[in-house]
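The values are calculated or read from the model by the stated rules, or taken from the named source; none is laboratory data. Because the structure is predicted, anything quoted here is derived from the model rather than measured. In this analysis, Cβ positions are derived from the backbone assuming ideal geometry, glycine residues included, and neighbour counts consider all displayed protein chains.
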Amino acid sequence: MKKLSLYTIFNLLIYLIFCILTTFAHAQDNEGVSEENAVIKQHFPITVIDMQYIVARSSAAVLVREELEDLKKKYSLEISNEEEELKALQEELSSQRSILPPDEFSKMESEFREKVERLQTSVAEKNKEIEVILNRSVNAIQTKAIQIVTNIARERALAAVLDTSTVVIAADSINISNQVLEILNKELPSLDIENVNEDEVEEFSEE
């Protein structure tokens with residue numbers, strides 16, 4: 001029987017030690033994963049919310065949309081009346097073209113153009129007003145919702161609250177959107193669109 005050299009025996013020992021250490025390391029890793037999974041099952045410190053759903057379904061947002069629709073109808077009627085007046089003025093201007101002296105007709109034409117420009121400016125301002133009211137209302141509602149989410153996170157000692165728009169898959173059991181919506185409707189049932197401004201948004205965020 002051929003004897004093994006000391007060098008060969010040494011290599012075999014090194015190989016056995018390496019195998020033992022590798023097996024032990026895998027066992028430790030598996031044990032750590034199992035313990036981590038057990039902790040997650042017991043208390044999962046992350047929830048998700050659908051902020052777009054919360055804001056859109058809130059009582060305040062529903063009322064804001066209704067009030068803005070009424071405001072749009074009011075402005076549309078005002079603009080329509082002004083357009084009718086301009087149309088009548090344009091027809092009168094056309095009929096006077098061959099009658100009035102050039103300088104007088106030019107003056108009337110200039111006045112007509114100024115009225116058209118004023119109406120265009122008025123329309124732009126009204127659209128901007130509606131846009132600003134909508135944006136400020138949404139910001140106020142969203143800021144209040146974030147405040148509510150923050151309070152829930154503190155009470156539950158949550159590590160993170162994610163929006164569903166950034167999550168691929170999430171269990172319904174960790175979605176607290178309806179809970180946030182319920183509290184939001186109690187604490188902010190409506191908004192005064194004529195007075196909502198940036199100060200109100202800052203006030204909500206400081207509470």
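Collect the residues in region 170-182 that are in contact (Cβ under 8 Å) with a residue 12 or more places away in the chain and either of a type in the set (Phe, Trp, Tyr) or surrounded by fewer than 17 Cβ atoms within 10 Å (Cβ to Cβ) (or both), keeping them in residue-number order. Listed by number, the residues that qualify are Ala170, Ile174, Gln179. Counting only residues that are in contact (Cβ under 8 Å) with a residue 40 or more places away in the chain and among the charged types (D, E, K, R), which one in region 130-155 is nearest to Ile79 (Cα to Cα)? Among those residues, the one meeting the criterion is Arg136. Scan region 160-198 for residues that are in a strand (DSSP E or B) and closer than 15 Å to Gln52 by Cα and the total you get is 4. Put simply, of Val138, Val196, Val167 the only residue that is within 21 Å of Leu71 (Cβ to Cβ), surrounded by 11 or more Cβ atoms within 10 Å (Cβ to Cβ), modelled with pLDDT under 90 and not hydroxyl-bearing (Ser, Thr, Tyr) is Val196. Residue-level check: of (1) assigned to a helix (DSSP H, G or I); (2) at pLDDT 85 or above, Glu36 misses just (2). The lone criterion from (1) within 15 Å of the chain's Cα centre (by Cα); (2) closer than 30 Å to Glu69 by Cα left unmet by Ile183 is number (1). The test for being closer than 14 Å to Thr47 by Cβ, under 22 Å from the mean Cα position of the chain (by Cα) and aliphatic (A, V, I, L, M) does not hold for Ala140. Scanning region 93-109 for residues that are surrounded by 10 or more Cβ atoms within 10 Å (Cβ to Cβ) and either polar (S, T, N, Q) or assigned to a helix (DSSP H, G or I) (or both) yields Leu93, Ser95, Gln96, Glu104, Phe105, Ser106, Lys107, Met108, Glu109. Taken together, the residues in region 49-74 that are surrounded by fewer than 16 Cβ atoms within 10 Å (Cβ to Cβ) and either of a type in the set (S, T, N, Q) or without any contact (Cβ under 8 Å) to a residue 24 or more places away in the chain (or both) amount to 9.
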